[in-house]
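A short worksheet on the structure shown next.
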Amino acid sequence: MRFSTRPQRDPVGPGQESVWDYPRPPRVETVAARLTVVLGGVVIADTSRAQRVLETSHPPNYYIPTRDILAGALAPGDGGSFCEWKGRAHYFTVHGGNRIEPRAAWGYATPSPAFSALRDHVAFYAACMDACFVDGELVVAQPGGFYGGWITGSIAGPFKGGPGTRGW
């Protein structure tokens, strides 16, 4: 499916929010939901004091405080990227149990002032983990492999990242 403009919104059910109501530029907000990340059968992150970034057409990206990530689970990874809003990102290789996932998480050592809450926080690509949970609900990874949003039943799309969504 190819869209030259914004696609038709999915219906929003009770208790849901539409990613099409999220702002651009994005915003960061504190979230009290319990987030859990599992890799190699080991819980490598568990927190109730995360940040989430909301941006039009994207499921939220959740950023977990480094103090709530298992010691030894993160090692500096290769490369980086640049976000016009948040700044320069660096990647991590993630270790859990007997698994090693290169470039499976990212963070911002010196985020832009508007996103300073992301300092000392890390986001994980759900597709690279055994499982990620928001308040016990299993997350579905944002399609496409580049973006790292976490899809739950509390949000409605459609979501950027899959085929035909590049121009959104």
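The values are calculated or read from the model by the stated rules, or taken from the named source; none is laboratory data. This one's a predicted model, so the numbers in the text were calculated from it and none came from an experiment. Using ideal geometry, Cβ is built from the backbone for each residue, glycine included, and neighbour counts are taken over all protein chains shown. For accessibility, only protein heavy atoms count, side chains too; no ligands or nucleic acids. Shrake-Rupley method; radii C 1.70, N 1.55, O 1.52, S 1.80 Å.
Things to note:
- Take the conditions (1) modelled with pLDDT under 95; (2) open to solvent by less than 30 Å² (accessible area, probe 1.4 Å); (3) within 23 Å of Pro76 (Cα to Cα); (4) small (Gly, Ala, Ser); Gly145 misses just one of them, which is (2).
- Of all residues assigned to the range 88-110, at least one qualifies as being in a strand (DSSP E or B), under 16 Å from Ala45 (Cα atoms) and either at pLDDT below 95 or among the basic types (Lys, Arg) (or both).
- In the range 77-118, residue surrounded by the fewest Cβ atoms within 10 Å (Cβ to Cβ) [restricted to those that are in contact (Cβ under 8 Å) with a residue 12 or more places away in the chain and aromatic (Phe, Trp, Tyr)]: Trp85
- Per the conditions (1) surrounded by fewer than 19 Cβ atoms within 10 Å (Cβ to Cβ); (2) in contact (Cβ under 8 Å) with a residue 60 or more places away in the chain; (3) within 20 Å of Val38 (Cα to Cα), the sole criterion not satisfied by His121 is (1).
- Where strands (runs of 3 or more DSSP E) fall wholly inside the range 14-54, the ranges with 3 or more residues that are surrounded by 15 or more Cβ atoms within 10 Å (Cβ to Cβ) and at pLDDT 95 or above are 35-39, 42-47, 50-54.
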